[in-house]
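The values are calculated or read from the model by the stated rules, or taken from the named source; none is laboratory data. Note that this is a predicted model, so its numbers are computed, not measured. Cβ placement follows ideal geometry from the backbone for every residue including glycine, while neighbour counts extend to all protein chains displayed. Areas reflect the complete protein model, heavy atoms only, side chains present, ligands, DNA and RNA absent. Shrake-Rupley method; radii C 1.70, N 1.55, O 1.52, S 1.80 Å.
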Amino acid sequence: MRMVRLRQALAALRHDRRGASVIELALVLPLLLMVLAGMVEVSRFVVARIDVELAAQRTTDFVLAKRPQSSDTSYIVTEAMAAADVEAKQVTADLFLECDGVRKDQFDSYCAAGEESARYVEVSIRKTIEMQFDWSKLASLFGS
């Protein structure tokens, strides 16, 4: 009698699907959380990249509106530092002259007669982005 009840209880448990979704969620939840964390990291990186690009563009616009007369770039670096909230060592600025599409060494020189001249400004800003999550443990699982 006891053995029959035990078999009936085991058969009922085997066909009972209640709780299966909880187990499935427990199996999938870590993966979903990693995907969510990755999306947060990528979105932070994209926002920071856009911010730095806009700061470089604003600095370039400022320089072109001011019409530089010499090859001194210190005011450009200062403007880029303020726009991007970075240190001076993370900013590079370059003013250059092109004569018929050939880059010249001196910004404040002139092209030969008949050559088409163009003056350019190039601003580069590097900014370090701190990660919110420690991905090294996950990378070590995959041998990286």
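The table below gives the values:
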| quantity | calculated |
| --- | --- |
| J(HN,Hα) series, segment 36-50, from Karplus relation 6.51 cos²θ - 1.76 cosθ + 1.60, nearest Hz, glycine and proline x | 4, 5, x, 5, 5, 5, 5, 5, 5, 5, 5, 4, 5, 5, 5 |
| Average projection area in nm² (convex hull over Cα atoms of segment 88-143, one quarter of hull surface) | 7.2 |
| Percent carbon-and-sulfur accessible area, the chain, ignoring ligands, DNA and RNA, probe 1.4 Å | 59 |
| Whether segment 1-84 is rounded, prolate or oblate, judged on the alpha carbon gyration tensor where a/c under 1.5 counts as rounded | prolate |
| For the chain, diffusion coefficient by Stokes-Einstein and Kirkwood Rh (Cα), 37 °C, 0.692 mPa s, µm²/s | 156 |
| Amide proton proximity set for Ser71, modelled H, under 5 Å, gap of 5+ | Asp108 |
| Local electrostatic count, Gln90, Cβ distance below 9 Å [Lys/Arg +1, Asp/Glu -1] | +2 |
| Relative contact order of segment 1-123, defined on C-alpha pairs under 8 angstrom at six or more residues apart (%) | 19 |
| For segment 1-98, accessible area per residue (1.4 Å probe, heavy atoms of protein chains only), Å² | 76 |
| Residue with peak Gaussian network fluctuation, the chain [Cα springs, cutoff 10 Å], from Asp51, Asp61, Asp105 | Asp105 |
| Separation of alpha-carbon centers, segment 1-26 and segment 58-101, rounded to whole Å | 72 |
| Accessible surface ranking that places the most exposed of Cys111, Cys99 first, with a 1.4 angstrom probe | Cys111, Cys99 |
